[in-house]
Amino acid sequence: MDTVVSSSQSLTRAADRLGAFFADQPTRQGILARSALGRPTAYDDALRERLIAELRGETRLDGSVGGSVLPTIWRAHELMDLGHRGDQAGSIRVMGWVLSLQGKPGAFGEGCADSRHQHRVCEHYMSGFFSAAPPTQRLAPVTLPNGKPFRAEAAARFALSCLALRAALRSGHEGRPLVEQHLVSLGRLAEGFEDWGGYFAPDMVASALYGLALAGPQHRPAVERITAVLLANQNDDGTWHNADLFHTLEALITVGSADAREAVRRAAPALMARQRADGTFGGAAQQERALIGLRALLIAADEA
């Protein structure tokens, strides 16, 4: 009992340090963190509207952010995080540009070779992926907004497509045939994820889960299967071998099932061990990782 109380107190202190860090942050992450803690400020509503206006103002008439793929995909997430619905004008333009990336050359899984066919990573088994760049253009390395870098070309294209897929689901495009094809393709890959560190890098497994997490009930078996893979390969200290802690936690937090929450709870000691005096976890993607960490700590506290 004393151990449980001590653990709960440690989690509360860790979350409070993050609360102090985010208390006055005039950022999207600050608004979301204060909301998660139940500590909104009197100016958050006005700040939210100002940030939405700024984000919309930075987009072109075609909906893109400078014609760049990752910033535009992330802009869709930022707007929806701030409460700008997927059916509002700004989000519609951004998502229209993002959705236009489906079916373009350069998507993950295009072409076929013996090894890729064996692992079902070819056009005979998958479709619907978003193309982040033409096949002749080098895309990697790419660093996601959560600070996770992808240095291998195929993995970078895969991760960006999953990030775009989640934006499509959040904005109500689950009925789009190419979106459904993307979801089905990820489900077909799930069996190969069980060989941890094999053909698929562990961070690709987390990306797939992140992309599938908001899919409809017909895709829940794939979500549960990938979540089980993450649980089975979690180390005693709560981390995952050769996997980014924050990238993996973000995927599990997105799922929100009992098994996913259990994995998050088990990761809390590793998270707290990385926390700095200011409450954050380092300089890389500082506020985004701090927000992921806060959400994970709050889940762990609920499960303690």
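A few points about this structure:
- Mean separation of Cα pairs under 8 Å and 6 or more residues apart, divided by the residue count, gives the range 1-142 a relative contact order of 15 percent.
- Expressed as a whole percent, the proportion of Cα-Cα pairs in the chain lying more than 26 Å apart is 46%.
- A cut-off of 5 Å between modelled amide H atoms, ignoring neighbours fewer than 5 places along the same chain, links Trp240 with Asn235.
- Accessible surface ranking that places the most exposed of Leu178, Leu189 first, with a 1.4 angstrom probe: Leu178, Leu189
- Mean residue ellipticity at 222 nm, helices only, the chain: -18500 deg cm²/dmol; runs of at least 4 DSSP H residues each add -39,500 (n - 2.57), and the sum is divided by the number of residues.
- Taking the accessible area of the range 183-304, probe 1.4 Å, and keeping the other protein chains in place, the carbon and sulfur fraction comes to 45%.
- Kirkwood analysis of the Cα pair distances in the range 256-304 returns a hydrodynamic radius of 11.0 Å.
- Fully extended contour minus Cα-Cα distance, from Glu191 to Ala304, at 0.36 nm per residue: 37.5 nm
- Packing-based order for 211-219, 105-113, using average beta carbon neighbours within 10 Å, highest first: 211-219, 105-113
- Cβ-Cβ FRET estimate between Ala284 and Lys104, R0 fixed at 41 Å, reported to 0.05: 0.85
- Over the chain, Cα pairs under 8 Å with separation of 6+ residues give a relative contact order of 18 percent.
- Taking label positions 7 Å along the Cα-Cβ direction at both Ile92 and Gln25, the computed distance is 3.3 nm, reported to one decimal.
- Selected from Gly187, Gly293, Gly256 as most flexible by GNM, with the chain as the system and alpha-carbon contacts under 10 Å: Gly256
- Per-residue surface analysis assigns Thr41 an accessible area of about 40 Å², computed on protein heavy atoms at 1.4 Å probe radius.
- Most fluctuating residue given options Leu249, Leu209, Leu51, as computed from a GNM of the chain linking Cα atoms under 10 Å: Leu51
- The value of relative contact order for the range 162-255, using C-alpha pairs under 8 Å at least six residues apart, is 34 percent.
- Pairwise Cα distances in the range 166-304 exceed 20 Å in 46 percent of cases.
- Hz values of 3J(HN,Hα) by residue in the range 70-77 - Karplus curve (6.51, -1.76, 1.60), Gly and Pro given as x: 4, x, 6, 4, 5, 4, 4, 5
- Top of Arg17, Arg120, Arg276 by mean-square fluctuation, Gaussian network on the chain, Cα under 10 Å: Arg276
- 3J(HN,Hα) couplings calculated from phi for the range 18-25 with the Karplus curve 6.51 cos²θ - 1.76 cosθ + 1.60 (θ = phi - 60°) are, in sequence order, 5, x, 5, 5, 8, 3, 10, 6 Hz; Gly and Pro show x.
- The range 46-92: GluC sites (Glu not before Pro) in DSSP coil with no more than 14 other Cβ atoms inside 10 Å: Glu58
- Across the chain: Cys residues that no other cysteine approaches within a C-beta distance under 4.7 Å: Cys162
- Here the gap between Ser115 and Arg138, fully extended at 0.36 nm per residue and compared with their Cα-Cα distance, gives a gain of 6.1 nm.
- Taking all pairs of distinct alpha-carbon atoms in the range 24-130, Kirkwood radius in angstrom: 16.0 Å
The values are calculated or read from the model by the stated rules, or taken from the named source; none is laboratory data. Note that the structure is predicted; figures quoted are calculated from it, not measured. Cβ sites come from the backbone with ideal geometry, for glycine too, and all protein chains shown count toward neighbours. With ligands, DNA and RNA removed, areas are computed over all heavy atoms of the protein, side chains included. Shrake-Rupley method; radii C 1.70, N 1.55, O 1.52, S 1.80 Å.
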